[in-house]
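Below is one structure; the comments refer to it alone.
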Amino acid sequence: MSQRKTYSELRSDVLSRYPSGRSSSGVSVDDIVQLKLQNTYATHLDIAREMASVMRADMAAYDADPRNSTQSLGCWSGFHAQQMIKSVKRLRGSARGVYVYLSGWMVAGLRNRWGHLPDQSMHEKTAVAELIQEIYTSLRQADEVALNDLFKALDAARTAGDTAAEAAAIEAIDGFESHVVPIIADIDAGFGNEHATYLLAKELIKAGACCLQIENQVSDAKQCGHQDGKVTVPREDFIEKLRACRLAFEELGVDDGVIVARTDSLGAGLTQKVPVSRAPGDLASQYIKWLKTEPITEENPIREGELALYRDGEFMRPARLPNGLFPFMEGTGRARVVEDCIASLTQGGADLLWIETDTPNVDEIASMVSEIRAAVPDAKLTYNNSPSFNWTLNLRKQVRAQWLAEGKISEDSYPDGNELMKPDYDETDLGREADARLRAFQTDISTRAGVFHNLITLPTFHLTAKAMDELSRGYFGEDRMLAYVATVQREEIRRGISAVRHQHEVGSDLGDTFKEMVGGERALKAGGSANTMNQFAAE
């Protein structure tokens, strides 16, 4: 967070306006100071500007040492994001290096008015900006609740005349770290042409996004990156959308705004249009060269209304599907990915890359990054540790294949196929090695493959489904109340999860404080002796 005035500095400023210690309306100087400090950001655009600087500093730290990678989890509500950051702060004491990922998939699947829909840009454009706004509202409220608790400790110390405790409380207030962290916001393929992309980008930035992730698929034919039927756009088209995002950042004064250019070319075998090449080796010709073609012969003549390409000294017919789409040659995805990434960085001004892959394979990513870095040495990636991968099966297969190649095991030592998923293999040498690689996966891909940021796109989608299943199986089964107490409340208490005091979590004590500020002894407070939240008094 940017340098803010200390408690003492701010109190001195307010006292200079109200030397008596109270405003003309009778409000205490100390109450004014508290509210000013609780308002950690004036606007969400201020958040975007500051979080962009945070990301830039993190990127520089990663360039200096690739062990300084960053992480995020995809969140589909403000409460998910708030609880994630609180958990990280309990674990580490700081949320530095942790972001929130805002997934277009989860907006489509969980946050649109038309029901649960697939990741095909069918959700309302405004839903993404609304979710960013909601997340930052939740994170800022976490700041307010936490700071209110610190000020209550300060008031208690003063009431008791304990100067040491008073100094400690002021030190805690001055050292408070905001729950606000950067958001990487998924803008899909831009929801329209480059102007539509620019207009939507502005809304996301004004909501607080310091980082936009955009993909090179056709906007009106967009598919989830882990589904078939993906259609990419020519690189010039994508570069124009990257520029649209950059101009949105520039217009709004977010000079350090970060753009993640995602390529789906590894699994995308189609394009919607053939770009116009104006010179040998230009972006269009580099894109066209990968199109699947067939020779024009007397037996296979060109027909009226068909297209022809001039390639290697002769005219060729590009293959074309009944829907008018053009397929690429099989096996060219990897080469197209490398070219996409270089073009996005060198001509589109992208800051980070995202390569959508079909399996989690560090060697595969590292190999592509090595080629990209031959042209752009400081190229960095955001990597999707996707729930679309069967992680257990993939990693166990990778271990089995490596051990076979090294002669450590024989073909019949472990099965080849889905049978490896069985729990029978959890405590085998292979199962333990695969789990060890899972634990080290993000470190390996960051240090070996240029991945600055590791994220999981849809964890809270799956977590919510699993948690509700776990609770429902017990509650509607034989355990009844024990299911809730044992799997939820008891664990909240023992882990120190603040949400166990649910009234406090949503600002009940914060409301009581404000009532006291304006009403004094007349305040009708919720936090009295009859409040059942007292059963969960903070230790």
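The values are calculated or read from the model by the stated rules, or taken from the named source; none is laboratory data. A quick note: this is a predicted structure, and the numbers were derived from the prediction, not measured. Neighbour counts run over all protein chains shown; Cβ positions are idealised from the backbone, glycine included.
Of the numbered conditions (1) touching a residue at least 60 places away in the same chain (Cβ under 8 Å); (2) within 22 Å of R278 (Cβ to Cβ), L307 fails exactly one; give the number of that condition.
Just one mismatch for L307, condition (1).
Does the range 29-37 contain any residue that is over 15 Å from L147 (Cα atoms), outside the structural domain of R56 (by TED's automatic domain parsing) and either touching a helix residue (DSSP H, G or I) at 6+ places or on another chain (Cβ under 7 Å) or surrounded by 13 or more Cβ atoms within 10 Å (Cβ to Cβ) (or both)? Give the derivation first.
Step one: filter the range 29-37 for residues over 15 Å from L147 (Cα atoms), giving 29.
So of that shortlist, the ones also outside the structural domain of R56 (by TED's automatic domain parsing) come out as 29.
Keeping just the survivors that are either touching a helix residue (DSSP H, G or I) at 6+ places or on another chain (Cβ under 7 Å) or surrounded by 13 or more Cβ atoms within 10 Å (Cβ to Cβ) (or both) gives 29.
Yes, there is a match, as at least one residue in the range 29-37 is over 15 Å from L147 (Cα atoms), outside the structural domain of R56 (by TED's automatic domain parsing) and either touching a helix residue (DSSP H, G or I) at 6+ places or on another chain (Cβ under 7 Å) or surrounded by 13 or more Cβ atoms within 10 Å (Cβ to Cβ) (or both).
Listed here are the residues, each with its yes/no results for (1) within 25 Å of G74 (Cα to Cα); (2) under 29 Å from the mean Cα position of the chain (by Cα); (3) small (G, A, S).
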| site | (1), (2), (3) |
| --- | --- |
| E371 | no, yes, no |
| A375 | no, yes, yes |
| A379 | yes, yes, yes |
| Y383 | yes, yes, no |
| S386 | yes, yes, yes |
| N390 | yes, yes, no |
| R400 | no, no, no |
| E411 | no, no, no |
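I need the full set of residues from the range 327-351 which are in contact with a Gly (Cβ under 6 Å, 6 or more places away or on another chain) and of a type in the set (A, V, I, L, M, F, W, C), in order please.
Kept after step one, since they are in contact with a Gly (Cβ under 6 Å, 6 or more places away or on another chain), are these residues of the range 327-351: 327-328.
If the condition is that a residue be in contact with a Gly (Cβ under 6 Å, 6 or more places away or on another chain) and of a type in the set (A, V, I, L, M, F, W, C), then F328 is the only one that fits.
Please determine whether any residue of the range 173-188 is surrounded by fewer than 18 Cβ atoms within 10 Å (Cβ to Cβ) and part of a helix (DSSP H, G or I).
Yes; the residues of the range 173-188 include at least one that is surrounded by fewer than 18 Cβ atoms within 10 Å (Cβ to Cβ) and part of a helix (DSSP H, G or I).
Which residues, taken from the range 99-126, are closer than 18 Å to A48 by Cα and surrounded by fewer than 20 Cβ atoms within 10 Å (Cβ to Cβ)?
T126
If Y198 satisfies every condition in (1) surrounded by 24 or more Cβ atoms within 10 Å (Cβ to Cβ); (2) touching a Leu at 6+ places or on another chain (Cβ under 9 Å) but one, which is the exception?
All conditions are met except number (1).
Taking V451, is it more than 30 Å from D58 (Cβ to Cβ) and either touching a Leu at 6+ places or on another chain (Cβ under 9 Å) or in contact (Cβ under 8 Å) with a residue 60 or more places away in the chain (or both)? Don't jump to the end; show me each part of the working.
Details: more than 30 Å from D58 (Cβ to Cβ): no; either touching a Leu at 6+ places or on another chain (Cβ under 9 Å) or in contact (Cβ under 8 Å) with a residue 60 or more places away in the chain (or both): yes.
Criteria not met by V451.
Counting only residues that are of a type in the set (K, R), give me the strands (runs of 3 or more DSSP E) lying completely in the range 251-360 with at least 1 of them.
On the way: elements: 258-263, 293-295, 309-311, 314-318, 352-355.
It comes to 258-263, 309-311, 314-318.
Which of (1) closer than 14 Å to H179 by Cβ; (2) more than 20 Å from the chain's Cα centre (by Cα) does R96 not meet, given it meets every other one?
Checking R96 against (1) closer than 14 Å to H179 by Cβ; (2) more than 20 Å from the chain's Cα centre (by Cα), the one that fails is (2).
Go through the range 99-116 and give me each residue that's farther than 14 Å from F191 by Cβ and more than 15 Å from the chain's Cα centre (by Cα).
Filtering the range 99-116 down to residues farther than 14 Å from F191 by Cβ leaves 99-103, 105-106, 109-111, 113-116.
G109, L110, R111, R113, W114, G115, H116, listed by residue number.
Touching a strand residue (DSSP E or B) at 6+ places or on another chain (Cβ under 8 Å) and crowded, with 17+ Cβ neighbours inside 10 Å: does that describe M368?
Values: touching a strand residue (DSSP E or B) at 6+ places or on another chain (Cβ under 8 Å): yes; crowded, with 17+ Cβ neighbours inside 10 Å: yes.
So M368 passes the test.
Select, from E406, E339, E364, the only residue that is in the same structural domain as E236 (by TED's automatic domain parsing), closer than 19 Å to R448 by Cα and among the acidic types (D, E). Lay out the reasoning, then the answer.
Values: E406 fails: closer than 19 Å to R448 by Cα; E339 fails: closer than 19 Å to R448 by Cα.
From the options E406, E339, E364, the qualifying one is E364.
Going by the conditions given, is S472 free of Cβ contacts under 8 Å to residues at least 60 places away in the same chain, outside the structural domain of S69 (by TED's automatic domain parsing) and of a type in the set (S, T, N, Q)?
On the way: free of Cβ contacts under 8 Å to residues at least 60 places away in the same chain: yes; outside the structural domain of S69 (by TED's automatic domain parsing): yes; of a type in the set (S, T, N, Q): yes.
It is true that S472 is free of Cβ contacts under 8 Å to residues at least 60 places away in the same chain, outside the structural domain of S69 (by TED's automatic domain parsing) and of a type in the set (S, T, N, Q).
Among the residues of the range 489-532 satisfying the criterion of being of a type in the set (A, V, I, L, M, F, W, C), outside any loop (DSSP other than H, G, I, E, B) and closer than 21 Å to S138 by Cα, which is modelled with the lowest pLDDT? Spell out how you get there, then give the answer.
Going through the range 489-532, the residues of a type in the set (A, V, I, L, M, F, W, C) turn out to be 493, 497, 499-500, 506, 510, 514, 517-518, 523-524, 526, 530.
With the extra rule that they be outside any loop (DSSP other than H, G, I, E, B), the set shrinks to 493, 499-500, 510, 514, 517-518.
Then drop every residue that is not closer than 21 Å to S138 by Cα, which leaves 499-500, 510, 514.
Values: A499: 87, V500: 87, L510: 83, F514: 79.
Among them, the one singled out is F514.
Name every residue in the range 311-356 that is farther than 22 Å from K289 by Cα and surrounded by fewer than 19 Cβ atoms within 10 Å (Cβ to Cβ), in order of residue number.
Passing the criteria: only G349.
Taking the conditions exactly as written (assigned by TED's automatic domain parsing to the domain that holds S219 and more than 19 Å from the chain's Cα centre (by Cα)), does G161 satisfy them or not? Give the steps one after another, and end with the answer.
Working: assigned by TED's automatic domain parsing to the domain that holds S219: no; more than 19 Å from the chain's Cα centre (by Cα): yes.
Criteria not met by G161.
Within the range 350-367, take every residue that is within 14 Å of D264 (Cα to Cα) and in contact (Cβ under 8 Å) with a residue 40 or more places away in the chain and give me the one that is nearest to the chain's Cα centre (by Cα). Reasoning before the result, please.
Initial filter on the range 350-367 (within 14 Å of D264 (Cα to Cα)): 353-359, 365.
Of the ones still in play, those that are also in contact (Cβ under 8 Å) with a residue 40 or more places away in the chain are 353-358, 365.
Numbers: L353: 14, W354: 12, I355: 15, E356: 15, T357: 17, D358: 19, I365: 20 Å.
Restricting to residues being within 14 Å of D264 (Cα to Cα) and in contact (Cβ under 8 Å) with a residue 40 or more places away in the chain, the top hit is W354.
Just checking: which of the helices (runs of 4 or more DSSP H) contained wholly in the range 378-481 hold 3 or more residues that are surrounded by 15 or more Cβ atoms within 10 Å (Cβ to Cβ) and among the charged types (D, E, K, R)? Spell out the reasoning first.
Working: elements: 391-405, 429-449, 459-475.
Output list reads 391-405, 429-449.
Among the residues in the range 231-250, are any touching a Lys or Arg at 6+ places or on another chain (Cβ under 6 Å), at pLDDT below 95 and not charged (D, E, K, R)?
Initial filter on the range 231-250 (touching a Lys or Arg at 6+ places or on another chain (Cβ under 6 Å)): 248.
Narrowing the set further to residues that are at pLDDT below 95 leaves none.
Scanning the range 231-250, I find no residue that is touching a Lys or Arg at 6+ places or on another chain (Cβ under 6 Å), at pLDDT below 95 and not charged (D, E, K, R), so the answer is no.
From the set of residues in the range 127-154 that are surrounded by fewer than 18 Cβ atoms within 10 Å (Cβ to Cβ) and without any contact (Cβ under 8 Å) to a residue 24 or more places away in the chain, which is farthest from F79 (Cα to Cα)?
Here the residue is A153.
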